[in-house]
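The values are calculated or read from the model by the stated rules, or taken from the named source; none is laboratory data. Quick caveat, the model's predicted, so the values are computed rather than measured. Note: ideal-geometry Cβ built from the backbone for every residue, glycine included; neighbour counts use all protein chains shown. Please note that ligands, DNA and RNA were not included when accessible areas were found on the heavy atoms of the full protein model with its side chains. Shrake-Rupley method; radii C 1.70, N 1.55, O 1.52, S 1.80 Å.
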Amino acid sequence: MDKEPLIVGVDPGSTSAVAAVTLEGEIELLESGKNFPPRDIIERVIKVGKPVLLASDKEKTPSKVEKISSSLGAKLFEPEEDLSQDRKKELGMGANSHELDAVASAVHARKQFHSQIRKISRLEEELDMEKVEIAVKIFTQEPDSEEISDDVESDHATSDATETSCETSS
């Protein structure tokens, strides 16, 4: 079975935190620490799932977050403005302010992409494809969502036709 698609929030700094939530909003990873290097954050995230979206709580994405996003191959989400302390308290949770910021970043990104997440669920039911495969296509392609939906469905139809032709030629 494929890994679960994840939305990841990162709070970089001398004490960094990472939170990974499923498309359904369940927290799969929440960790913080002093001198928590990007490679350790990447390693922890990959162990629990497939990151498809990465976010911070800042309008201008910190370079450490950009590097992690690039290394993971996840789409980078930037909020329109820095998340306020009140908004972070409303959305987040954690043992410290860094974890709160990381969770709030992931949850905020999840809320911003609710229509794409609903589309993933719908396509998973309609097509015989893994959720992670659909999520990667939807989050890593930039065209409008109708084109993505068509691409996912046509890719799936092509693979079905290929499997059928392989079965009949055997």
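For the range 26-41, backbone phi angles converted through the Karplus equation (6.51, -1.76, 1.60; θ = phi - 60°) give residue-by-residue couplings of 7, 7, 9, 8, 8, 8, 9, x, 6, 6, 9, x, x, 5, 6, 4 Hz, Gly and Pro being listed as x. Over every Cα atom in the range 77-140, the radius of gyration and the widest Cα-Cα span, Dmax, amount to 14.5, 42 Å. Its residue count N sets the reference 2.2 N^0.38 Å, and the alpha-carbon radius of gyration of the range 1-146 equals 0.98 times that reference. Using a cut-off of 11 Å between beta-carbons, work out the net charge of the residues near LEU91 (Lys and Arg +1, Asp and Glu -1, LEU91 not included). Spelling it out: positives minus negatives among the neighbours equals +1. Here the convex hull built on the C-alpha positions of the range 40-93 has a volume of 93 cubic angstrom per residue.
For SER71, the accessible area of its heavy atoms, probed at 1.4 Å with every protein chain present, is near 80 square angstrom. Protection proxy ranking, highest mean first, for peptides 46-59, 28-41, 101-114, 80-93: 101-114, 46-59, 28-41, 80-93, where packing is the per-residue count of other beta-carbon atoms within 10 Å, averaged.
Every pair of different Cα atoms in the range 1-85 enters the Kirkwood calculation, which places the hydrodynamic radius at 12.7 Å.
The share of accessible area on the range 7-55 that comes from carbon and sulfur is 47 percent, using a 1.4 angstrom probe. Summary of the geometry: the range 1-51 and the range 87-119, compared by the centres of their Cα atoms, lie 12 Å apart. Between THR140 and LEU127, the contour length at 0.36 nm per residue exceeds the alpha carbon distance by 2.8 nm.
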